[in-house]
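Data block below; observations after.
The values are calculated or read from the model by the stated rules, or taken from the named source; none is laboratory data. Small disclaimer: the values here were computed from a predicted structure and weren't measured. Cβ placement follows ideal geometry from the backbone for every residue including glycine, while neighbour counts extend to all protein chains displayed.
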Amino acid sequence: MSIQAAFNTAQTDQGFEVTVSGRIFDAYNQSVSNAVLSIQVIDPQGTSVHVAIAYSTQTGQFEDSFLLQPNSLGGNYTAYLAADKPGYDTAHLTLSFTFSSPDFLIETSSSSLSIQQGHTATLTLTILSLRGYAIPVNLTAMSVSGVNTQFSPESVVPSGTTSVTFSVAYNAQLGNRIITLLGVSGSLTHRVTVELTVTQGSTTIVLSALVIVGFLLLVIALGLLYRRSRSKRHQKETLVEELIKQAAGDSGYVATARAIARLEELRALGKVDDGTYQKLKSEYEKRLEKST
């Protein structure tokens with residue numbers, strides 16, 4: 001007997017359906033029916049991924065199918081076929097086919113960006129399907145100090161796009177840095193990099209100016225408070241001096257009594273300190289005793 005066969009592949013929602021089909025015939029090219037056909041398929045690492053038994057029809061035809069998952073190994077797959085039927089010699093056939101694993105690719109609308117401190121910028125990330133890949137790809141970014149990265153949406157089914165927004169802190173360090181964007185789907189991971197340049201933003205300049213203005217206003221306020229304090233102190237000293245001169249010019253009973261009354265008035269108004277008040281009051285009381 002002899003075997004004639006071939007492979008065919010077709011994409012499905014579950015993966016790739018592989019079909020091996022052919023014909024079994026004798027030395028005179030006559031179809032051999034009811035022959036038992038054993039089939040074994042080996043992957044590129046030598047692991048058996050499919051074993052089956054098929055039977056030839058009245059016209060010697062046979063067919064068998066199996067499914068390869070989208071994340072199956074890429075490379076050469078080998079099928080070993082053997083056909084048996086009493087009265088015939090065993091027929092053998094070895095077939096091979098190449099399977100390229102479905103995959104995805106990441107592309108950016110721009111490979112470099114320049115953003116001011118305190119500002120944002122957006123680019124488009126495209127997730128391309130290779131060989132029918134249709135599994136969601138989750139997107140993330142490797143963290144960089146002073147820069148926040150957000151995806152909208154965070155998961156994309158190839159082929160599709162997402163918006164990536166970079167937000168730079170107002171106090172972020174100036175200069176260049178590399179942002180790595182990752183796409184992860186099952187056992188597959190792909191990345192793309194974006195060079196980000198952080199420049200000085202107007203926010204920083206305004207904040208610096210506000211700090212300087214605030215400091216100047218504080219200095220002016222402290223100066224005004226100091227001047228007001230000195231003015232009040234000088235006013236108190238002047239009032240006390242006038243009171244002392246008044247008492248010295250007239251040491252009679254009436255003048256001394258008026259001085260004491262004025263002293264009490266100044267104390268009530270807070271225009272004479274307690275030490276001066278006690279000193280003057282004691283002196284005036286002595287004068288009153290002498291004048292009586």
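Please go through the stretch 95-122 and give me each residue that is over 26 Å from V184 (Cβ atoms) and assigned to a loop (DSSP other than H, G, I, E, B), ordered by number.
Scanning the stretch 95-122 gives Q117, G118, H119.
Residues of the stretch 158-198 being charged (D, E, K, R) and surrounded by fewer than 15 Cβ atoms within 10 Å (Cβ to Cβ), which ones? Quick ask: steps written out before the conclusion?
First pass over the stretch 158-198, keeping only residues charged (D, E, K, R): 177, 191, 195.
Within the stretch 158-198, R191, E195 meet the criteria.
So the check is Cβ under 6 Å with 6+ separation or different chains; which pairs have a first residue in the stretch 61-74 that's outside any strand (DSSP E or B) and a second one that's modelled with pLDDT of 90 or more and surrounded by 14 or more Cβ atoms within 10 Å (Cβ to Cβ)?
Partner pairs satisfying both residue conditions: L73/D43; L73/P44.
Taking the options S72, S65, S56, S155, name whichever one is in the same structural domain as N176 (by TED's automatic domain parsing) and hydroxyl-bearing (S, T, Y). Before the answer, list the steps.
Values: S72 fails: in the same structural domain as N176 (by TED's automatic domain parsing); S65 fails: in the same structural domain as N176 (by TED's automatic domain parsing); S56 fails: in the same structural domain as N176 (by TED's automatic domain parsing).
Result of the check over S72, S65, S56, S155: S155.
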